[in-house]
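Have a look at the structure below, then the notes.
The values are calculated or read from the model by the stated rules, or taken from the named source; none is laboratory data. If you're wondering where the values come from, they're calculated on a predicted model, not measured in any experiment. FYI the Cβ positions are ideal-geometry reconstructions off the backbone, even for glycines, and counts take in every protein chain you see. These area figures cover heavy atoms from the full protein model, side chains too; ligands, DNA and RNA do not enter into them. Shrake-Rupley method; radii C 1.70, N 1.55, O 1.52, S 1.80 Å.
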Amino acid sequence: VPSLEDVRAIAATLPGSEERATTGGAAWFVRNKVYAWEAHPWPSVPADIRAVIAREPVFVVTVSTEEDKLAYREGWPEVFLRQTTGWSEPKIAFRLAAVAPDLLVELITDGWYSQAPRYLRREFDN
């Protein structure tokens, strides 16, 4: 089962990635743009999703497009939640305990890639 430490280890391999503590938990940024964070059961989160977040670790990552978000949700409905809050879209929330290790790497990396400046993406691609 993946853990917070696994998320940290993946993020640490990404150029320019920086972990910061936020009021909702840990979050990862690249050039001051958030790309992954621990979900928090804020009152603005729908009640059914808030219940999931309150009982198990849920993470959120930015995605490049709404189509990417839909593809993740349709491909792994047992892993991804339908929504959290309306800010920082497009993004996708996932149950950490339900995500496969290779998919976790893809999610964190894709989140970073969606926010990283071109020069860091080139560095990563080489």
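For this structure, a couple of remarks:
- Residue match in segment 36-51 (condition: in a strand (DSSP E or B), open to solvent by less than 50 Å² (accessible area, probe 1.4 Å) and in contact with a helix residue (DSSP H, G or I) (Cβ under 6 Å, 6 or more places away or on another chain)): yes
Every residue, every condition in (1) touching a helix residue (DSSP H, G or I) at 6+ places or on another chain (Cβ under 7 Å); (2) acidic (Asp, Glu); (3) closer than 23 Å to Thr22 by Cβ, yes or no:
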| residue | (1), (2), (3) |
| --- | --- |
| Ile53 | no, no, yes |
| Val58 | yes, no, yes |
| Phe80 | yes, no, yes |
| Gln83 | yes, no, yes |
| Glu89 | no, yes, yes |
| Leu103 | no, no, no |
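- Some residue of segment 35-44 being in contact with a strand residue (DSSP E or B) (Cβ under 9 Å, 6 or more places away or on another chain) and in contact (Cβ under 8 Å) with a residue 60 or more places away in the chain: yes
- The number of residues in segment 1-34 being in contact (Cβ under 8 Å) with a residue 40 or more places away in the chain, aliphatic (A, V, I, L, M) and open to solvent by 40 Å² or more (accessible area, probe 1.4 Å) comes to 2.
- All positions within segment 61-95 that are among the aromatic types (Phe, Trp, Tyr) and surrounded by 14 or more Cβ atoms within 10 Å (Cβ to Cβ): Tyr72, Trp76, Phe80, Phe94
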